[in-house]
1. What is the residue count in region 27-42 for residues that are surrounded by fewer than 17 Cβ atoms within 10 Å (Cβ to Cβ) and either aromatic (Phe, Trp, Tyr) or under 16 Å from residue 71 (Cβ atoms) (or both)?
2. Enumerate the helices (runs of 4 or more DSSP H) found wholly within region 132-245, keeping only those where 2 or more residues are modelled with pLDDT under 85, closer than 23 Å to residue 294 by Cα and among the β-branched types (Val, Ile, Thr).
3. Go through (1) touching a strand residue (DSSP E or B) at 6+ places or on another chain (Cβ under 8 Å); (2) at pLDDT below 90; (3) under 29 Å from residue 153 (Cα atoms) one by one and return the number of the condition residue 339 breaks.
4. Tell me the residue from 272, 322 that is β-branched (Val, Ile, Thr), at pLDDT 90 or above, part of a loop (DSSP other than H, G, I, E, B) and more than 17 Å from residue 213 (Cα to Cα), please.
5. If you check 198, 266, 202, which single one turns out to be surrounded by fewer than 16 Cβ atoms within 10 Å (Cβ to Cβ), of a type outside the set (Asp, Glu), touching a helix residue (DSSP H, G or I) at 6+ places or on another chain (Cβ under 9 Å) and in the same structural domain as residue 306 (by TED's automatic domain parsing)?
6. Among the listed residues 312, 308, 232, identify the single one that is more than 27 Å from residue 189 (Cα to Cα) and either among the acidic types (Asp, Glu) or free of Cβ contacts under 8 Å to residues at least 24 places away in the same chain (or both).
7. So residue 255 passes all but one of these: (1) assigned to a loop (DSSP other than H, G, I, E, B); (2) under 27 Å from residue 152 (Cα atoms); (3) not polar (S, T, N, Q). Which condition number does it fail?
Amino acid sequence: MHLMAERGVPLEERQKAILGGLTDWDAARIFLEVVRCGSFRSAAERLSLSINAVRRRIDDFERQIGATLFTRDVHGTHLTDEGALVVSAVERMEAATFDVMRASDSVANALSGEVRVAITEGLGTFWLAPRLVEFQQAYPHILVDLHCAMRSADVSRHEADVAIHLSRPSALDIKLVRLGRMHLMFWAAEKYIEKYGAPHTAMELIKHRLVLQFADQIAAKETFESFFPGVAERDLLVMKTNVSSANYWAVANGAGIGVFPSYAIALGGKLVPLEVELNRPLDIWLSYHPGSGRIPRVRHMIDWLIEAFNPARFPWFKDEFVHPREFKEVYMGEPLTQLFGGFSTEDR
């Protein structure tokens, strides 16, 4: 075919020249199936057509293209150079067709349907769930499936439409947004401090009772050993749990000292931040699949989540640590009673 012999002609222009007269897109689909199956017979079975019907459609396709796409011999069917060029172009057309189908579905279901949001249990329970009413009021026909778990969801495998993590996901075929930073502190209930006093250093902390969350046993063990070198868990812990909510309310009721984000002052229990330096910031990441991000209902959720963790609005998510006692001065938004349950105006 003379088009293949033209030197210096860009690949895409040669592909356009070959496919310029194409009118039978169904034949192009059958051609691609033959290529993927490796034979006319396998493609016919896959397409539920007779082998003669597949051969006729390929013959028609070759006439439209003006090139021989396959050679046949006793060993099977083989693509010609022209055929290989056409495969690349038809695959792009197939991808474009899928995009059109997704776009059509998105338009038809733009602001209705379900959005699956995966998030760590603590952030989901204490921060996101109380605030989702804002999203529901703005988009009443979107069903939010909020999945709170300690294991991160993999959006590249479509385990969720959007996921929020406390460590950067490693998948390459996803979109990532760094939302902000969570700052961890030691906390104790007022009733605990009244009975046992408040430690001010790590050495003093060893003399107290600790309640800790061990969601990831290996990571939690390493963190414990780095902060308390040479100290056995049984000598310091009075309780450990894998659930953030159980951990929080045990500490809030005086069971022992716990580790929570700096915004824990607003979660309802009468907790007091301790001055023992922890220095354990965790970056908060949002991930989503590029295809899902083009669906309007998912895009609205992504935009809302980015704003829900906006450090400019919520100082506890800033990169630099802001002490809870400074929240009253630096937080200028709506009353925190509307963001967290049980936080009184006098605590502000």
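1. Matching residues across region 27-42 total 2.
2. Those helices (runs of 4 or more DSSP H) do not exist here; none qualify.
3. Evaluating residue 339 over (1) touching a strand residue (DSSP E or B) at 6+ places or on another chain (Cβ under 8 Å); (2) at pLDDT below 90; (3) under 29 Å from residue 153 (Cα atoms) leaves (1) as the failure.
4. Matching residue, one of 272, 322: 322.
5. Exactly one residue qualifies, and that residue is 202.
6. 312
7. Condition not satisfied by residue 255: (2).
The values are calculated or read from the model by the stated rules, or taken from the named source; none is laboratory data. Keep in mind the model is a prediction, meaning the values are calculated, not measured. Note that we place each Cβ from the backbone using ideal geometry, even for glycine, and neighbour counts take in every protein chain shown.
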